[in-house]
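Participant: Here it is: the structure, laid out below.
FYI, it's all coordinate maths here, none of it is from the lab. Everything numeric here is computed off the predicted structure, so don't read it as measured data. A quick note on method: Cβ atoms are made from the backbone with ideal geometry, for glycine too, and the neighbour counts reach across all protein chains shown.
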Amino acid sequence: MKRFGMSKVEQGWALSSVAVAVAVLAGCGGGGGNSTTVDNSAIPLTVPKATCGPGDVPESGLQGQVPASVRAAGFKGFNCNLTLIGQSRGDGASWQHAFFTDGAGHNCNYYDTSSSTVNRTHQGVVAIDNTDPTKPTPTAYLTTIGMNDPWESLKVNNRRQLLGAVNALNGNGGPELDLYDLSGDCRSPQLLSSLAVNAPAPGASAIAVRGHEGSFAPDGLTYYASNLSPGYVYPIDITNTTQPKMLGQFFMPGPVQRTHGMSISDDGMRAYFTIFGGGAASAASAPANAASATNGVVIADVSDFQNRVQNPQMRVISTLIIPDGSASQHTIEIKIQGKKYLVEADEGGSGGNNAAGWARACAAGYPAWNMARLIDISDETKPVVVSRMQLEMNDPAKCDQVIPDLAGLSGFTYGSHYCSVDNKQSATTLACGYFESGIRVFDIRDPQRPKEIAYYNPAAVTTPSPGSQNNRTAATGRPDHCSAQIRLDAATKTLSTTCQDNGFLSLKFRDGVWPFPETTTPPGQQN
């Protein structure tokens, strides 16, 4: 269950570590850091639309929109500069998609499925051999306790050649962490451990361990797991992959406290945490107000955990409040032409994920549906949003054209979820999965002026997908939910990802659209 915080963010940490009871640490370790609120006045409103080519089926309404009339007829799909070349639907898919290339050159992809056991052919995480993107082939099904339903914690670490996930059963599972070895044949991951990760000393764990999301530190020695409700993060020492050990528990600043996702800097010293908070129009009992927003990002010093300091502490460097969205979902630290940026994506609009919230946001001139952003973090004490991946359907001025599409609906409809880049060390391309707006690809070589270059919104399925988290488009004709990370492959001019009802998809770019001349896609550096 995903909840939205409404209180104003304040500085402070609640920390529980191996030898320390829970404590509220106001600005621990030398100050609480700077707190700023995004000012979008100088940011272009809408990303330029992709120019489609012959044979494409372009969107018939606004950019990112599937109009009500198209839904009523049973959505047949849109595509622009991307063509489906391979598919493995299976039982459908869940939230996450990870990938790895082994020493023999096998391109392996991994995606999770729901925990439902009704009418299932296979349970758990699916391993796909996508070496030939026209013939994606399932090669293994991982069904240990964490892999049975890892929700949003399924991740690959390239340096140590690991696949990992926590038990996140229906978004709030138990204390287990599963680790698999990919160093041999990545088509057949080998189990290293599937163990409960509780506090190593009595009383050190303030709250029962529950899984939801997570991320490896790039060196592969720490896995940062998050529990969305009540909201803590619990770093796990995986130096010995057969004996994982929890290092502590901590919360986001202030009453909101919850974080959904995070990324860790290449040296392991910084963490970029989301604040799973409310937007400017989230409060039903008050007028829309940027000052009341709690949604955002925290940049934190996590060097104590990276260096295995006894009684480690988290230190806030800065907090950025993002009022034109809610439920901040995940981050990616990247470089564009040598300069550091953060990709941040929300999973809720400025008023939340229901009709009343959409109406409040629209009335106040805020985006009703979620999007991704690029944040300049070259000065980590003063992060600045430089651009938004706002589509036409996100434009508050066009709400009256979009609201009818969603009559009777709530929860995830339009809007972003997970994004990926071509190369974190030298990013040129951002690809994001959207609920009901499909897969969108952006040129970010000029980070202040991104532009869309391609999209693919798959047709609604006509039969159920029992392993999908969506599994409802067969009856309604609604667009699928494309909610997972995206693998960009410059060598084959393709991308691969999952959409929940359509399963695993391989898509090929039109010649000349992508890759760019300077694009590179090294394994393990995209999400």
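Participant: In a shell of Cβ-Cβ distance under 15 Å around Cys419, excluding Cys419 itself, what net charge do Lys and Arg (+1) and Asp and Glu (-1) give? Don't skip to the answer; put the middle values down first.
Facilitator: Details: positive: Lys155, Arg373, Arg388, Lys424, Arg440, Arg487; negative: Glu152, Glu213, Glu333, Glu344, Asp346, Glu347, Asp422, Asp443, Glu452.
Net charge around Cys419: -3.
Participant: Per-residue HN-Hα couplings for the range 87-98, Karplus 6.51 cos²θ - 1.76 cosθ + 1.60 at θ = phi - 60°, whole Hz, x for Gly and Pro?
Facilitator: 8, 9, 6, x, 8, x, 9, 10, 8, 10, 8, 10
Participant: How many angstrom lie between the C-alpha centres of the range 432-450 and the range 304-379?
Facilitator: Between the Cα centres of the range 432-450 and the range 304-379 lies a distance of 16 Å.
Participant: Now a separate question. From the phi of every residue in the range 420-431, what ³J(HN,Hα) in whole Hz does the Karplus formula 6.51 cos²θ - 1.76 cosθ + 1.60 yield, where θ is phi - 60° and glycine or proline is x?
Facilitator: Computed from phi, the couplings for the range 420-431 are 9, 10, 6, 7, 4, 7, 7, 7, 10, 9, 10, 10 Hz.
Participant: By the gyration tensor of its Cα atoms, with a ≥ b ≥ c the square roots of the eigenvalues, what is the shape of the range 45-89: rounded for a/c under 1.5, prolate for a/b over b/c, or oblate? Walk me through the numbers on the way to the answer.
Facilitator: Numbers: a/c = 1.88, a/b = 1.08, b/c = 1.74.
In terms of gyration-tensor shape, oblate.
Participant: Once each part is reduced to its C-alpha centroid, what is the distance from the range 463-496 to the range 381-405 in angstrom?
Facilitator: With the range 463-496 and the range 381-405 each reduced to a Cα centre, they are spaced 23 Å.
Participant: If amide H atoms are built 1.01 Å from N in the plane of the peptide, which residues on other chains or at least 5 residues away come under 5 Å of the amide H of Ser35?
Facilitator: Under 5 Å from the amide H of Ser35 lie the amide H atoms of Thr319, each far enough along the sequence or on another chain.
Participant: Along the Cα→Cβ direction, 7 angstrom out, place labels at Ala286 and Ala363. What is the inter-label distance in nm?
Facilitator: 1.7 nm
Participant: Ser387's amide H: which non-local residues (gap 5+, or another chain) put their own amide H closer than 5 Å, with H modeled 1.01 Å from N in plane and none for Pro or chain starts?
Facilitator: Answer set, sorted by chain and number: Leu374.
Participant: Then there's this: From the mean inverse distance of alpha carbon pairs (Kirkwood) and the Cα radius of gyration, derive Rg over Rh for the range 163-320.
Facilitator: On the way: Rg = 16.7 Å, Rh = 16.5 Å.
With Rg and the Kirkwood Rh in hand, the quotient comes to 1.01.
Participant: Arranged from highest to lowest average of other beta-carbon atoms within 10 Å per residue, in what order do the peptides 312-319, 407-414, 441-448 appear?
Facilitator: On the way: 312-319: 21.9, 407-414: 15.2, 441-448: 18.8.
The peptides rank, most packed first, as 312-319, 441-448, 407-414.
Participant: I need the phi-derived Karplus couplings for the range 340-354: 6.51 cos²θ - 1.76 cosθ + 1.60, θ = phi - 60°, integer Hz, Gly and Pro marked x.
Facilitator: My calculation for the range 340-354 gives 7, 9, 10, 7, 10, 10, 9, 10, x, x, 5, x, x, 10, 8 Hz in order.
Participant: Taking the C-alpha atoms of the range 13-509, how large are the radius of gyration and the largest Cα-Cα span, Dmax, in Å?
Facilitator: 21.2, 66
Participant: Give me, ordered by chain and number, the residues 5 or more places off Gly348 or on other chains with an amide H under 5 Å from its own placed amide H.
Facilitator: Excluding prolines and chain starts, which carry no amide H, the hits are Ser326.
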